[in-house]
Amino acid sequence: MIDQKKIIEPDKVACEVCFKEIPISEATSVKATDYIVYYCGLDCYDRWKKQQPQPESPKRE
């Protein structure tokens with residue numbers, strides 16, 4: 001009888017923008033306020049970044 005090795009699936013995470021599941025080793029991650037978010041690529045990261053509220057600059061008088 002031949003021993004067959006079990007193929008281990010890599011850990012996967014969902015892209016924060018498009019929800020596509022990607023191996024964690026291939027994901028781009030960024031620390032958000034209190035957690036880490038993952039992206040399948042720079043396009044999704046740019047879309048996420050544009051959706052985030054921009055901090056207000058101090059008003060000069």
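Determine the shape class of region 12-51: with a ≥ b ≥ c the square roots of the Cα gyration tensor eigenvalues, call it rounded for a/c under 1.5, and otherwise prolate if a/b is greater than b/c, oblate otherwise. Oblate. The packing ranking, built from the mean of other Cβ atoms within 10 Å per residue, places the peptides 20-29, 35-44 in the order 35-44, 20-29, highest first.
Any read-out appearing in this document is the output of simple, stated calculations on the displayed coordinates, not a laboratory observation. None of the values given here were measured: they were computed from a predicted structure. Backbone-built Cβ (ideal geometry, glycine too); neighbour counts: all protein chains shown.
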